[in-house]
Amino acid sequence: MKKRTTVAVTAATSALLLQGCSGNPSDGARNYPIPSSLCDVEIDADLYDQLFPPGDSIETVGGGVSAYGWVHAGGRCTVYVNKKPAIVVDSFGSTDEAAGSGPLAPGVAPYLQFRMFDLNMDDAQLVEAGPHEVRVWQDFAAIHIPCAASPSMDYTGMNIAIDLRENADRDFSEDLKEIIEPYALDRIEMMGPGVCDNA
């Protein structure tokens, strides 16, 4: 009986040691596959590679698609790596309806204020002024896209942000400049008809 307990403890200790040595994120290795989608929007892994930090596990919380396959027009979706937030995608429409649930003015600044993002507009690079307003910080990007029509939601525009502030202490701005607009356009298209129709 004693011998069997010793063997079990030794096996458990060996397993823990192996877990500690293999795939330790401190060695800078990424031991999980880059997903084919970011918060339910298909992505090119090569373009998004730099956004995914080293680690062993990845999990997405929030977002989701409806029974019709549409992504939700508003809300946050978070990608966790090793149970820590790495990438947050936020979507919210603007509206000039007083009873609406979004910012009452178009543009990135009212959106950031409405969603209570603690960011200084003076620190942002204005990548594009119109028709899509694109602003990029070192670890955050936001875009406002006017809606030509929004019969089901009364939106005047859609705001999308990619937030990397919990990710790593480095400058992601060049990567964010490349991906924020195409990602946002794909996301809006996946929100379904009547939300923010621009075609």
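The values are calculated or read from the model by the stated rules, or taken from the named source; none is laboratory data. This structure is a prediction, so every number in the text was calculated from the model and none was measured. Glycine gets a Cβ as well: all are built from the backbone with ideal geometry, and neighbour counts include every protein chain shown. Heavy atoms of the whole protein, side chains included, go into the accessibility calculation; ligands, DNA and RNA do not. Shrake-Rupley method; radii C 1.70, N 1.55, O 1.52, S 1.80 Å.
Odds and ends about this structure:
- Summing Lys and Arg as +1 and Asp and Glu as -1 over all other residues whose Cβ lies under 14 Å from the Cβ of Tyr111 gives a net charge of -2.
- Carbon and sulfur %, accessible surface of segment 37-195 computed with the full protein complex present, 1.4 Å: 49 percent
- Computing FRET efficiency as 1/(1 + (r/R0)^6) for Ala199 and Asp46, where r is the C-beta to C-beta distance and R0 is 22 Å, gives about 0.20.
- Stokes-Einstein D (µm²/s) once Rh is taken as the Kirkwood radius of segment 88-199 over alpha-carbon pairs, at 20 °C in 1.002 mPa s: 153 µm²/s
- Label-to-label distance, nm, for residues given as Asp154 and Ile34 (7 Å Cα→Cβ offset): 4.2 nm
- ³J(HN,Hα), Karplus 6.51/-1.76/1.60, whole Hz, each residue of segment 137-149, x for Gly, Pro: 9, 4, 9, 7, 9, 9, 9, 10, 10, x, 9, 5, 8
- At a probe radius of 1.4 angstrom, the accessible area of segment 43-110 per residue rounds to 50 square angstrom.
- Residues listed by number, segment 168-188, amide nitrogen under 16 Å from Asp123 label point at 7 Å toward C-beta: 168-174
- Segment 42-100: chymotrypsin sites (Phe, Trp or Tyr not before Pro) in DSSP coil with no more than 10 other Cβ atoms inside 10 Å: Tyr68
- In this structure segment 125-186 gives 43 Å² per residue of accessible area when probed at 1.4 Å with all protein chains present.
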